[in-house]
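One structure is given below, encoded as structure tokens.
The values are calculated or read from the model by the stated rules, or taken from the named source; none is laboratory data. Since the model is a prediction, treat every value here as computed from it, not as a measurement. Here Cβ is always computed from backbone atoms with ideal geometry, including for glycine, and neighbour counts include all displayed protein chains.
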Amino acid sequence: MQAQFEKVLSELLKPLQAEGAPILIGVSGGADSMCLVSLVLRAGVPLGIAHCNFQLRSTDSDADEDFVRNWASQNHIPFHSKRFPTEGYARERGISIEMAAREIRYRFFGETAREHGYAAVAVAHHAQDNAETLILNLLRGTGPKGICGMKTSGVLPVPGYADIPLLRPLLGFTREEVRDYVHAEGIPFREDGTNAGNEYKRNKLRNLVFPVFRDINPSFVQTLNRDMERFAEAYREMPSEGSPTGATEGSHSVMSTETGGRAEQSPGTCTLTEEPWDGTQPVKQPVGILIADADRTGPSPTFRTWQAGDWIRPLGAPGRKKLQDWFTDHHIDPAEKRTIPLLQDPADPSHILAIVGHCIDESVKVTPRTRRIWRIELK
């Protein structure tokens, strides 16, 4: 596994321009992340460790943090950690604990990488995680991109950090291969007691559904991962958005402005103005104007029209909602929904950050930390 891993890691690091710059490893203390950080260390790659204490498991969460901190100290690795009120975060936003932890984790990784000069972030997703993601995407409804699975390299999936590479060096390895390596090499780790329970969706899949899949096909994880590769290849061959052979639905344009700049944006007709924000301006605007946190949308906003699988977390509403359902609830007819400009999340193309002329996503709302805004006006 060591030789295979070093080959994968070498390929992933090639595109990074900052030669010799360290990478930040997300380490929970579990077997998967301890396997990853041990492999990166043995490969001689400069690294740092980031650990999130979600405060979900009482003293066990603190014990995980202490374990990872001590391991980092013993191996002379920079250690970054932070404690988060995850349950409160999820409650305020009307989202699941799983989704809250995901948002918190990636935003913390992004902040840490940017502050300390890490060239990329690496996480310990493996082949079974990828299979779980595919099934969850299918169960909640997804477009073509959602059946392509995770990639070994991408960008951080939170607004404002799409410039930071995200690496998944273990994605081609199975859970069993990871565990076998950990035990064979005597790598220490902590077992998360909640993994045996079925409170979370992934645990239900892992503990209740996947054993049935394994009875049907012992190699189902590898089979699903090969299927996702085929789906991804077919998706890449689809007509590109905005190409002459593509449908009007889904075409888009990309545009950047300087602070204080103003530009026309299609599809549809809307005007985008970037302005500094000091907190004194009124957030509530006349009908047809939206205000969004510019640092959370990325520097080059992408607008397009509706695609199947699009979703949003409307400001002030509980949880995520498919745009198709939002259109139905707001009595938007089929012809109109194909013309409304949508602001796309740079990290997750199916996540819509603003339905121009109507509402913004919870993630781009103006907060006391906002320094720049987009004023989006439907003409």
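For Ala90, the conditions (1) without any contact (Cβ under 8 Å) to a residue 12 or more places away in the chain; (2) closer than 17 Å to Leu167 by Cβ; (3) touching a Ser or Thr at 6+ places or on another chain (Cβ under 8 Å) all hold with the exception of (2). Here is a check on your reading of the model: is Val45 of a type outside the set (Gly, Ala, Ser), modelled with pLDDT under 95, surrounded by 15 or more Cβ atoms within 10 Å (Cβ to Cβ) and within 25 Å of Asp180 (Cα to Cα)? In short, yes. Among the residues in region 339-346, are any modelled with pLDDT under 85 and either in contact with a helix residue (DSSP H, G or I) (Cβ under 6 Å, 6 or more places away or on another chain) or more than 23 Å from Ala162 (Cβ to Cβ) (or both)? Yes, that holds for at least one residue. If the condition is being among the polar types (S, T, N, Q) and in a strand (DSSP E or B), then region 288-328 contributes only Thr302. Each residue in region 57-113 was checked for being assigned to a helix (DSSP H, G or I) and in contact with a His (Cβ under 7 Å, 6 or more places away or on another chain), and 3 of them qualify. Counting only residues that are within 30 Å of Met150 (Cβ to Cβ) and either of a type in the set (Asp, Glu) or part of a helix (DSSP H, G or I) (or both), region 329-379 holds 7 of them. In summary, Ala113 fulfils each of the numbered conditions (1) under 19 Å from the mean Cα position of the chain (by Cα); (2) at pLDDT below 95 with the single exception of condition (2). Please work out which residue is nearest to Pro341 (Cα to Cα), limiting yourself to region 315-324 and to residues that are at pLDDT 85 or above and out of contact with any helix residue (DSSP H, G or I) (no Cβ under 7 Å at 6 or more places or on another chain). Out of the qualifying residues, it is Leu323.
Residue-level check: of (1) surrounded by 15 or more Cβ atoms within 10 Å (Cβ to Cβ); (2) in the same structural domain as Ile360 (by TED's automatic domain parsing); (3) at pLDDT below 65, Arg296 misses just (3).
Inside region 5-29, residues that are modelled with pLDDT of 90 or more and polar (S, T, N, Q) make up a count of 1.
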